[in-house]
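Enquirer: One structure follows; several queries about it will come next.
Just so it is clear, none of the values below were taken in a lab; they were calculated from the coordinates. Remember, predicted model here, so these are calculated numbers, not experimental data. Neighbour counts are summed over all protein chains in view; Cβ atoms, including those assigned to glycine, are modelled from backbone coordinates with ideal geometry.
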Amino acid sequence: MTEKYNLEEGMAIMKEQMPDVMSAFGPLMEKVTQDGLLSAKIKRLMMVAVSVTQRCSHCIRAHVKAAVELGASRAEILEATGVAILMAGGPAVAQVSTVVLEALEESGV
């Protein structure tokens, strides 16, 4: 199946058509992903793992890229995906074997 919209285009449409929901999402993401008791890098690694369990390829790509920008190594990202594989089984293996490896390559690690 070919997607009609890329993620950015779709989110722009959602901002127009669902402004209350989308205006709340950005600040939530910003707050959750900043350093706290857990570093922003650790939080992004967690988000990679959760994205794998949810089979969200857009999320995987975005969070791998963000984790790399925060200094995460290929080995750290793959270790985080190991947790996802433990929790989600075969579907997680499929995501790691395809989308995560592609996202790592796209991110240069």
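Enquirer: Size of the dipole of segment 65-106 about the Cα centre, Lys and Arg at +1 and Asp and Glu at -1 on the beta carbon, nothing else charged, in debye to 20?
Expert: Numbers: 2 positive and 6 negative charges, 24 e Å.
Its charge dipole is roughly 120 debye.
Enquirer: Scan around Ala72 for amide H atoms under 5 Å from its own, H built in the peptide plane at 1.01 Å from N, and keep only partners 5 or more places away or cross-chain.
Expert: Under 5 Å from the amide H of Ala72: no residue qualifies.
Enquirer: Mean separation of Cα pairs under 8 Å and 6+ residues apart, divided by the residue count of the chain: what relative contact order is that in percent?
Expert: On the way: 86 pairs, mean separation 27.0, N = 109.
RCO, the chain: 25 percent.
Enquirer: Can you give the FRET efficiency for Ser39 and Leu86, using 1/(1 + (r/R0)^6), R0 = 30 Å, r = Cβ-Cβ distance, to the nearest 0.05? Provide the component values of the computation, followed by the final result.
Expert: Numbers: r = 22 Å, r/R0 = 0.74.
The formula returns an efficiency of 0.85 here.
Enquirer: Identify all lysines with a Cα-Cα distance to Lys43 below 30 Å; exclude those on the same chain that are fewer than 8 residues away in sequence.
Expert: Lys15, Lys31, Lys65
Enquirer: Could you sort the peptides 88-98, 40-50, 6-16 by per-residue average Cβ neighbour count (10 Å cutoff), highest mean leading? Mind dumping the intermediate values first?
Expert: Details: 88-98: 15.7, 40-50: 21.0, 6-16: 12.1.
My ranking of the peptides, most packed first, is 40-50, 88-98, 6-16.
Enquirer: Suppose each label sits 7 Å from its Cα in the direction of the beta carbon; what would the Glu102-Met11 distance come out to in nanometres?
Expert: About 1.8 nm separates the two model spin labels.
Enquirer: Can you show me the helix-derived [θ] at 222 nm for the chain, built from DSSP H runs with n ≥ 4 at -39,500 (n - 2.57) apiece and divided by the number of residues, rounded to the nearest 500.
Expert: For the chain, the value works out to -23000 deg cm²/dmol.
Enquirer: Under the Karplus relation 6.51 cos²θ - 1.76 cosθ + 1.60, θ = phi - 60°, what is the ordered set of whole-Hz ³J(HN,Hα) values for segment 82-99, x standing for Gly and Pro?
Expert: With coefficients 6.51, -1.76 and 1.60, one gets x, 5, 4, 4, 4, 7, 10, x, x, x, 5, 4, 4, 5, 5, 5, 10, 5 Hz.
Enquirer: Taking 0.36 nm per residue of separation and subtracting the Cα-Cα distance, what length does fully extending Met22 through Met46 add? Intermediate values should be presented prior to the final figure.
Expert: Values: separation 24, 0.36 × 24 = 8.64 nm, distance 2.25 nm.
Full extension of this stretch gives 6.4 nm more.
Enquirer: If you place +1 on the Cβ of every Lys and Arg, -1 on the Cβ of every Asp and Glu, and leave all else neutral, what size is the dipole of the chain about its Cα centre, to the nearest 20 Debye?
Expert: Values: 10 positive and 13 negative charges, 50 e Å.
Magnitude of the dipole: close to 240 debye.
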